[in-house]
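Okay, structure first, notes after.
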Protein chains: 2
Amino acid sequence: MAFKLAHTDPQTKARAGTMTTDHGVIETPIFMPVGTVASVKGVHQKELREEIDPDIILGNTYHLFLRPRTPIIKAAGGLHKFMGWDRNILTDSGGYQVYSLSANRKIKEEGVKFKSHIDGSLHFFTPENVMEIQRDIGADIIMAFDECTPYPCDYQYAKRSMHMTHRWLDRCLLHLQKTPLSYDYDQFFFPIVQGSTYKDLRRQSAEYISNVGAEGNAIGGLSVGEPAEEMYAMTEVVCEILPEDKPRYLMGVGTPINLLENIALGIDMFDCVMPTRNARNGMLFTAHGTINIKNKKWENDFSAIDEMGITFVDKEYSKAYLRHLFAANEYLGKQIATIHNLGFYIWLVREARRRIIAGDFAQWKNIMVKQMDKRL
Amino acid sequence: MAFKLAHTDPQTKARAGTMTTDHGVIETPIFMPVGTVASVKGVHQKELREEIDPDIILGNTYHLFLRPRTPIIKAAGGLHKFMGWDRNILTDSGGYQVYSLSANRKIKEEGVKFKSHIDGSLHFFTPENVMEIQRDIGADIIMAFDECTPYPCDYQYAKRSMHMTHRWLDRCLLHLQKTPLSYDYDQFFFPIVQGSTYKDLRRQSAEYISNVGAEGNAIGGLSVGEPAEEMYAMTEVVCEILPEDKPRYLMGVGTPINLLENIALGIDMFDCVMPTRNARNGMLFTAHGTINIKNKKWENDFSAIDEMGITFVDKEYSKAYLRHLFAANEYLGKQIATIHNLGFYIWLVREARRRIIAGDFAQWKNIMVKQMDKRL
């Protein structure tokens, strides 16, 4: 994978770059919409391409492994073909969902035993078989199998878990070498820094991960309930150590403000369910603050959802109409809010990129962070 | 309203015509997608315009009266503006939903008292206030307030109910004269033939309704559980009496086969929740028969949903992918199936029109009825 840093912001550590894979160029910083089970909930692939326009989306290995199941994806010729998405895809390793969704999970050195949250069936994830599953799903970027610690997490547990994550990383790397590509395009492997909210562990993990010399590096175990300031502190110490010439991916983050603050610390890639999940609950993100469209105050407001008009929904529908759809529990409301929020997130990272290149990212970021903190 | 009969089929009673209102031309025969509460469930207005492309859609007065409520629609400038749909709209009179959805409805000569199915609030519909509500909703075509009898219905009840529907019709007409238009475009009023499955009542009702001299005429009280043959028998006797130079609307019908058979009997307009509701349950209508996409047999079928490619979903998604979305309970599955089915219904009535004009409707209809009766 070719990663080129095009610009670095003089006042912050923000970076603008490009990553190139066999499925095209990813301009960074980038936000990856979450397409859990081969679908960004409520959004047609056509709308994703033509309206929201991300260079890359994310799929969840845990969900895809359970449904439709890896053999079906393999029979289709990989996830891109199965779901009809010819741009980039990244899959997580399933670790996070195993810990957060499945019942009766048992974490051992060998791997994790868990029960499916769907039918209770028993499964076993190891660093080795998760590499095989990710080969068959066929994303462009695949992730190491790690343990994602909860927040808060005591120091001793965080330390032991981090070391196991590092041993699992070695097993992932060893097994990947033995596991040929399933399709005719390349895959790139990202290891994951852990260490909970402890700076010394984060530094130690960042050094271990950096030594792997992977095509990109990720930071996991954040955005799990800790205060934003702790998240930023961890990002900062880790970014000091991670190589500058490789993309940095902060997993599971976050609010629009989180994105800008972490971009300023040197992060290049993000993913989060927030724009899609909150949309389905009637929360809209805008450049001027958040809107709870369910509020009665919008009942008679026939102005456009968002005058910025990033996607077609913003000017085509009024706030009063969208509020009505939520009040009447019409799914079109969720569809509209989802397209709006994802369009806004992609606009936000693209605009950040333009500002980094133009050289006024810091000033713009400070104005945006204040504006976006409002409730409209 | 200008209605022009362009062609009449020589072998059947099928007709091809055009209706013109202030919101544009409606080519008949036409199927009207149901947009219950100002939304065709799961379909963006943009998709409705650009992909499904009907000349007219239907809104439900009962639902719109309860949510968002008539004053909100009036404040928006009418339903077209509220929902962002600038083509034609027809509203039913609310009668059918009052009988089928609401609790504790009491039908008296004066009108119908009912409890909202949403919050149990008490309401009263009369021929007079339903005309006022329909003025404020602002559809291009509005319907008489009638009683829709259930099936089976005993003769005496059907007869009494029909006469009350006729008296209600007179009250609708009288009150409409006193109720000015709410907006700057015209509205056209259609009375409704009732009489259950009794030919003599249907004839009597068709004569009463024809004498009104309305811009169009509707047949109600069918597609409520009676065998298709009884429906066709009623359509046939009513179409013999209804004026030829006015459009004929068969309410709440039906399957693709029902549409073709009733077109052959002289019907010009249809509406039904079947294409949308069945879509949400995983049933697809195609020219070659119906598909239950939830069946395991489609799990590994990576062929296009429908090679005909009427709308973008047909060729963009595979059967296996659509089956997966239903299995995983992803709403995108319902969205895809809905666009497919509505696209197919609109194609079907448009193709019927082309065949009527070309003169080979009867032969085509007979082939299609056989094909569409299959289960794939």
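Name the pairs whose Cβ atoms lie under 8 Å apart, with the first residue in the stretch A:26-49 and on the phi < 0 side of the Ramachandran plot and without any contact (Cβ under 8 Å) to a residue 60 or more places away in the chain, the second basic (K, R) and surrounded by fewer than 23 Cβ atoms within 10 Å (Cβ to Cβ), and 6 or more positions between them or separate chains?
What qualifies is A:V37/A:R67; A:R49/A:R87.
So for the stretch A:246-253 (the condition being part of a helix (DSSP H, G or I) and open to solvent by 10 Å² or more (accessible area, probe 1.4 Å)), does at least one residue qualify?
Within the stretch A:246-253 (the criterion being part of a helix (DSSP H, G or I) and open to solvent by 10 Å² or more (accessible area, probe 1.4 Å)), the answer is no, since none of the residues qualifies.
Considering the stretch A:360-376 alone, what residues qualify as being open to solvent by less than 40 Å² (accessible area, probe 1.4 Å) and in contact (Cβ under 8 Å) with a residue 40 or more places away in the chain?
The answer is A:F361, A:A362, A:K365, A:M368, A:V369, A:M372.
Answer yes if at least one residue in the stretch B:302-323 is in a helix (DSSP H, G or I) and among the small types (G, A, S), and no otherwise.
yes
Quick one: in the stretch A:276-305, of everything that is within 17 Å of A:H324 (Cα to Cα) and of a type in the set (V, I, T), which residue is farthest from the other protein chains (Cβ to nearest Cβ)?
Once the filter is applied, the top-ranked residue is A:I291.
Would you please name the residue that is nearest to A:A327 (Cα to Cα), looking only at residues in the stretch B:71-84 that are buried (at least 21 other Cβ atoms within 10 Å of the Cβ) and more than 9 Å from every other protein chain (Cβ to nearest Cβ)?
B:I73
Hey, among the residues in the stretch B:126-138 that are out of contact with any Ser or Thr (no Cβ under 8 Å at 6 or more places or on another chain) and open to solvent by less than 30 Å² (accessible area, probe 1.4 Å), which one's nearest to B:D184 (Cα to Cα)?
By that ranking, first place goes to B:P127.
Would you mind telling me which numbered condition in (1) open to solvent by 40 Å² or more (accessible area, probe 1.4 Å); (2) in contact with a Ser or Thr (Cβ under 7 Å, 6 or more places away or on another chain); (3) among the acidic types (D, E) B:D200 fails?
Checking B:D200 against (1) open to solvent by 40 Å² or more (accessible area, probe 1.4 Å); (2) in contact with a Ser or Thr (Cβ under 7 Å, 6 or more places away or on another chain); (3) among the acidic types (D, E), the one that fails is (2).
Taking A:G221, is it more than 26 Å from A:H7 (Cα to Cα), within 19 Å of the chain's Cα centre (by Cα), open to solvent by 30 Å² or more (accessible area, probe 1.4 Å) and assigned by TED's automatic domain parsing to the domain that holds A:R87?
No; evaluated as a whole, the condition is false for this residue.
Please specify each residue of the stretch B:254-291 satisfying the condition of being of a type in the set (A, V, I, L, M), in a loop (DSSP other than H, G, I, E, B) and either surrounded by fewer than 20 Cβ atoms within 10 Å (Cβ to Cβ) or out of contact with any Lys or Arg (no Cβ under 9 Å at 6 or more places or on another chain) (or both).
The answer is B:V273, B:A287.
So the check is Cβ under 6 Å with 6+ separation or different chains; which pairs have a first residue in the stretch A:151-164 that's under 12 Å from A:D200 (Cα atoms) and at pLDDT 95 or above and a second one that's open to solvent by less than 20 Å² (accessible area, probe 1.4 Å) and not in a helix (DSSP H, G or I)?
From the stretch A:151-164, the pairs are A:A158/A:T149; A:A158/A:S196; A:M162/A:Q194; A:M162/A:G195.
Select, from B:S39, B:S116, the only residue that is modelled with pLDDT of 95 or more, over 21 Å from B:Y249 (Cβ atoms) and open to solvent by less than 10 Å² (accessible area, probe 1.4 Å).
From the options B:S39, B:S116, the qualifying one is B:S39.
Yes or no, residue by residue, for (1) basic (K, R); (2) in contact (Cβ under 8 Å) with a residue 40 or more places away in the chain:
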residue	(1), (2)
B:D119	no, no
B:T126	no, yes
B:M131	no, yes
B:R135	yes, yes
B:M143	no, yes
B:C172	no, yes
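Which condition breaks for B:I89 when tested against (1) closer than 24 Å to A:A304 by Cα; (2) within 14 Å of chain A (Cβ to nearest Cβ); (3) not charged (D, E, K, R)?
(2)
Which residues, taken from the stretch A:292-301, are in a loop (DSSP other than H, G, I, E, B), open to solvent by less than 50 Å² (accessible area, probe 1.4 Å) and not aliphatic (A, V, I, L, M)?
A:E299, A:D301 - these are the residues of the stretch A:292-301 that are in a loop (DSSP other than H, G, I, E, B), open to solvent by less than 50 Å² (accessible area, probe 1.4 Å) and not aliphatic (A, V, I, L, M).
Would you say B:G221 is on the phi > 0 side of the Ramachandran plot and in contact with a Lys or Arg (Cβ under 6 Å, 6 or more places away or on another chain)?
no
Can you pull out the residues in the stretch A:306-322 that are within 11 Å of chain B (Cβ to nearest Cβ) and either of a type in the set (A, V, I, L, M) or more than 21 Å from B:P71 (Cβ to Cβ) (or both)?
A:T311, A:F312, A:V313, A:K315, A:E316, A:A320, A:L322
Which number in (1) within 20 Å of the chain's Cα centre (by Cα); (2) more than 14 Å from chain A (Cβ to nearest Cβ) marks the one condition that B:K108 misses?
(1)
Residues checked against (1) closer than 18 Å to B:N295 by Cβ; (2) more than 11 Å from chain A (Cβ to nearest Cβ); (3) open to solvent by 10 Å² or more (accessible area, probe 1.4 Å):
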position	(1), (2), (3)
B:A327	yes, no, yes
B:N341	yes, yes, no
B:I346	no, yes, no
B:A358	no, yes, yes
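When the stretch A:139-161 is examined, which residues are found to be open to solvent by less than 50 Å² (accessible area, probe 1.4 Å) and more than 21 Å from the chain's Cα centre (by Cα)?
Matches in the stretch A:139-161: A:C153, A:A158, A:S161.
Return yes or no: is A:K315 open to solvent by 30 Å² or more (accessible area, probe 1.4 Å) and touching a strand residue (DSSP E or B) at 6+ places or on another chain (Cβ under 6 Å)?
Here the answer is yes, as A:K315 does meet what is asked.
Please enumerate the residues belonging to the stretch B:42-65 that are within 13 Å of chain A (Cβ to nearest Cβ) and open to solvent by less than 20 Å² (accessible area, probe 1.4 Å).
Those that are within 13 Å of chain A (Cβ to nearest Cβ) and open to solvent by less than 20 Å² (accessible area, probe 1.4 Å): B:G42, B:V43, B:H44, B:Q45, B:E47, B:L48, B:G59, B:N60, B:Y62, B:L64.
The values are calculated or read from the model by the stated rules, or taken from the named source; none is laboratory data. As the structure is a prediction and not an experimental result, all values here were calculated from the model. Cβ atoms come from the backbone with ideal geometry, glycine included; neighbour counts cover every protein chain shown. Ligands, DNA and RNA are excluded from the accessible area calculation, which covers all protein heavy atoms including side chains. Shrake-Rupley method; radii C 1.70, N 1.55, O 1.52, S 1.80 Å.
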